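See structure below.
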Amino acid sequence: MIFISGGVRSGKSAFAETCAQSLAERYQQPLIYAATAVAFDEEMQQRIQRHQYDRATHQWQTIEVPYHLQPLYDVDGIILLECVTTWVSNILYKYPTTWHDYIEQFKKLCLHKKETLIIVSNELLHEVPSKYAETEQYRQILGKLHQWLVQESDAAYACTFGHIHQWKGAPTCKDFC
Amino acid sequence: MHFIFGGAYNGKTAYALSQVSGDYTVHTGFIPTTSDTPTIIIRHVEQCIQQAQDEVAEATRIMNALTALCTKYDVIVIGNDISRGVVPLDATQRFQRDCAGRLYQMLVQHATNVTQVWYGIPQTIKGE
């Protein structure tokens, strides 16, 4: 498992796509894009379209997993899941009482697909705490999940304006930089 | 002095505790003047910031309290990095954020060891 995070417009998606494409080529595997976003308004639709345009250079099979992750068990290939922050907010809104079970399912999937999974997430823990308890709970859930993902990952990267810093991983992972 | 910083919920306190041998006390958003234990851990040092006229003067006040403590005890200071978000609408939060930046600059300069923690991974910024 490879974990990649960064702020908005940090180049994390482009880096993650490059990682996935290199791995797919090396191991002769298809490319699978696990999309977590829900196009609930026009702006989100545009953001999704921009990501689709960026992926148009390669053959990607897109699987939408805004809540349930089961479809990912049935596919073989290099899976790029993007992104953890939208997925967590989706389940928090839809399942305010049982979100914990979904986090556990997410972790289970990660361990099951450890060999072929690339995970993208956002950095949003470097600001003044929110005065809204819900937002602070969201940040706490994400922080803990990120800690778990980094712990379980083979390689972990932080992207800052296109600069890639490797926090963890074998030297071979540097091939992607 | 050992200064540890990083984002919220990143495992900073767990890392601090892994560095301590012997007795310690943990304070949150508070700087004591004495202690019964040889090691003092101060979490959320950014919460020690009070509203003041001048951010540098306020940061200096906190820094002086920490420096005084260091003459008698092993001090580990933990601070949340709150410097990278959207500018807060609330003036109190803006002051806290600016002052924390000043304070952390002083801490990085004075501390023997400085560590940044990213989701449980420590990175030495200064020291061994």
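The values are calculated or read from the model by the stated rules, or taken from the named source; none is laboratory data. Being a predicted model, the structure only gives us computed values, none of them experimental. Positions of Cβ are generated from backbone atoms using ideal geometry, with glycine treated the same way; all protein chains shown enter the neighbour counts. Surface areas here come from the heavy atoms of the whole protein model, side chains and all, with no ligands, DNA or RNA. Shrake-Rupley method; radii C 1.70, N 1.55, O 1.52, S 1.80 Å.
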*asked:* Considering all projection directions equally, how large on average is the shadow of the alpha-carbon convex hull of the protein assembly as shown, in square nanometres?
replied: 17.5
*Which value, in Å², gives the accessible area per residue of the stretch A:2-176 when a 1.4 Å probe is used on the protein heavy atoms?*
52
*For the stretch A:1-134, diffusion coefficient by Stokes-Einstein and Kirkwood Rh (Cα), 10 °C, 1.306 mPa s, µm²/s*: 101
*Could you estimate the translational diffusion coefficient of the stretch B:54-128 from the Stokes-Einstein equation, with Rh from the Kirkwood formula over C-alpha pairs, at 37 °C and 0.692 mPa s, in whole µm²/s?*
240
*Round to the nearest 10 and report in Å² the accessible area of B:V75, as given by a 1.4 Å probe over the protein chains' heavy atoms.*
10
_Tell me the relative contact order for chain B as a rounded percent, counting alpha carbon contacts under 8 Å between residues six or more apart._
37
*Can you list the HN-Hα couplings for the stretch B:116-126, worked out from phi with the Karplus curve (6.51, -1.76, 1.60; θ = phi - 60°), rounded to whole Hz and with x for Gly and Pro?*
9, 10, 10, 6, x, 9, x, 10, 6, 9, 8
*Which trypsin sites (Lys or Arg not before Pro) from the stretch A:101-161 combine a DSSP loop assignment with at most 16 other Cβ atoms within 10 Å?*
A:K114, A:K131
*Assuming R0 = 35 Å, what is the FRET efficiency of B:Q109 and B:V86, from their Cβ-Cβ distance, to the nearest 0.05?*
0.80
*asked:* Placing +1 on the Cβ of each Lys and Arg and -1 on the Cβ of each Asp and Glu in chain A, which of A:P71, A:S13, A:T160 has its Cα farthest towards the positive end of the resulting dipole?
replied: A:T160
*Could you grab the relative contact order for chain A? Cα pairs under 8 Å, six or more apart, rounded to a whole percent.*
36
*For the stretch A:94-112 and the stretch A:1-62, what is the separation of their C-alpha centers, rounded to whole Å?*
22
_Mean Cα-pair separation over length for the stretch A:80-177, i.e. relative contact order, pairs under 8 Å, 6 or more apart, %_ = 24
